[in-house]
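Everything below concerns the one structure shown next.
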Amino acid sequence: MKFRLNLVACLAWGCLIAVGYWVFSNVIFKPDIEGVRFSKTVTKVKEEDAIAEVVLLLEHPATQAIDVKYETRDRTAQSGVDYTNTKGTVHFSTGDTQRSLFVSIQPDRNISEPNETFDIILTNVRYQPKHTIVILEQGVNKDLLAKSELVIASLSVLAADIANDIATIKIIEGVSAPSKELASRYEMVKSNLSSERERYLLLFKDALALDPEVIKLSIKKRLTALEKKGYKHQLIATTLMEKQLINYMNDQIPMLDLWISELGELVTVEQVPQETDENETRLSA
């Protein structure tokens, strides 16, 4: 009888240990995700492209939300020098089969050197799949790129501010009997818009003095960053600004009244949630 009781106790303890191990391994340490892969093993990106996009695929549509963790690791390319060290999560919603992740490339300063590589690792996926990024060196001037990016960032914010101020003016002009405070704000916004017009043209001229290819690179980088952050209203204004600036660089004919009018057509008189970038920008779309 004592032997049987010991046997039962051992079996009970064994079951308890097994359940505890299952909870420990599946809840505390979640098992690796399966069925996730890169769309290809290697991505080649020109240094001037500034952003590397890598696509992840699921073997089957997700039946529940999945969070895939990833991180970059140096090879011949160095993080902080050749690319931005990145660690993040790609979220798949139910029914998804494809998602993208992005890594910023950092151009070299007037350097002609061999192509460089770094890896992206899926850290919580079974066998930790690896994807290699090959940076095709272009020798972009970092000082020129930095100046170009500053001009484009300023134009991006300014375009959204102009559109927002035009919307504000429309709102106040639609008020039949504006208060003294509202009338004062109206005059202030009109004054802001006047100075913004002048600055918009000056920045266009600054851009004209720079390398057109570097300007295009800076615009592409800016649009990618705005889209990634979800700043849709500033993205709309910057997209129009890009069209205006490219035409100006090609024709070298200033058309300030048309540019401002086009920005004004982007907005309605409704108020929308505020978006914040390096500078605060509000735009009704």
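Worth pointing out:
- Residue, modelled with the lowest pLDDT, within the stretch 96-134, restricted to residues that are of a type in the set (Phe, Trp, Tyr) and surrounded by 13 or more Cβ atoms within 10 Å (Cβ to Cβ): PHE102
- Complete set of residues in the stretch 247-283 that are at pLDDT 55 or above, in contact with a Ser or Thr (Cβ under 6 Å, 6 or more places away or on another chain) and under 25 Å from ALA225 (Cβ atoms): VAL267
- Any hit, the stretch 203-216, residues being assigned to a helix (DSSP H, G or I), outside the structural domain of VAL54 (by TED's automatic domain parsing) and closer than 20 Å to PHE102 by Cα: yes
- Checked against the criterion of being closer than 30 Å to GLU196 by Cα and crowded, with 20+ Cβ neighbours inside 10 Å, the stretch 67-77 contains not a single residue that satisfies it.
- Breaking point among (1) at pLDDT 90 or above; (2) loosely packed, with under 12 Cβ neighbours inside 10 Å, for VAL175: (1)
- Selection status of TYR200, more than 17 Å from LYS147 (Cα to Cα), among the aromatic types (Phe, Trp, Tyr) and outside the structural domain of HIS91 (by TED's automatic domain parsing): no
- Residues that are touching a Ser or Thr at 6+ places or on another chain (Cβ under 7 Å), modelled with pLDDT under 95 and surrounded by 16 or more Cβ atoms within 10 Å (Cβ to Cβ) do not occur anywhere in the stretch 191-208.
The values are calculated or read from the model by the stated rules, or taken from the named source; none is laboratory data. The structure displayed is predicted, hence computed values, not measured ones. Counting neighbours? That spans all protein chains shown, and the Cβs are built from the backbone with ideal geometry, glycine included.
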